[in-house]
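The values are calculated or read from the model by the stated rules, or taken from the named source; none is laboratory data. Everything numeric here is computed off the predicted structure, so don't read it as measured data. Don't worry about glycine lacking a Cβ; one is built from the backbone with ideal geometry, like all the others, and counts go over all protein chains shown.
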Amino acid sequence: MVFWKYARKTTVYVTLSKALHLAANTKGVTVHGLCFIFRDWISDTNACLRDVAERALAYAIENKVEVAYRRSDLLEQLDPLMETWAKHCRGLP
């Protein structure tokens, strides 16, 4: 998954946070904010179905019945979504 449930003190979180700060040339950006930008972009562009968006964000599913019946990891749909997101981030059509 692209955005995963993370603990704020993990090495991965700290590394991603530092990479964002370097790329933006400011410490005013956060991983949490990036997740919101991604979700807003999906909503604004209808880039994918809601289930695919939620899976990309790796949100926890609280409904135990839904968890029990969810079998697909949606990888075939996540790959083109991430390609489109990458193009958007680079300013490409």
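Are any of the residues in the range 4-21 farther than 17 Å from M82 by Cα, at pLDDT 90 or above and not in a helix (DSSP H, G or I)? Scanning the range 4-21, I find no residue that is farther than 17 Å from M82 by Cα, at pLDDT 90 or above and not in a helix (DSSP H, G or I), so the answer is no.
Listed here are the residues, each with its yes/no results for (1) at pLDDT below 80; (2) surrounded by 12 or more Cβ atoms within 10 Å (Cβ to Cβ); (3) touching a Ser or Thr at 6+ places or on another chain (Cβ under 6 Å).
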residue: D44; (1), (2), (3): no, no, no
residue: L57; (1), (2), (3): no, yes, no
residue: E62; (1), (2), (3): yes, no, no
residue: V67; (1), (2), (3): yes, no, no
residue: D73; (1), (2), (3): yes, no, no
residue: W85; (1), (2), (3): no, yes, no
residue: R90; (1), (2), (3): no, no, no
residue: P93; (1), (2), (3): yes, no, no
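Here is the figure for the range 27-42: residues that are touching a helix residue (DSSP H, G or I) at 6+ places or on another chain (Cβ under 9 Å) and either farther than 17 Å from T84 by Cα or at pLDDT 90 or above (or both) total 10. Annotation note: Cβ proximity below 8 Å between a residue of the range 21-37 that is within 16 Å of A53 (Cα to Cα) and a residue that is outside any helix (DSSP H, G or I) (sequence gap 6+ or interchain) occurs for L34/F3; C35/F3. Scanning the range 52-93 for residues that are part of a loop (DSSP other than H, G, I, E, B), under 21 Å from C35 (Cβ atoms) and of a type in the set (S, T, Y) yields a single hit, Y59. Applying the set (1) at pLDDT below 80; (2) assigned to a loop (DSSP other than H, G, I, E, B) to C48 leaves exactly one unmet item: (1).
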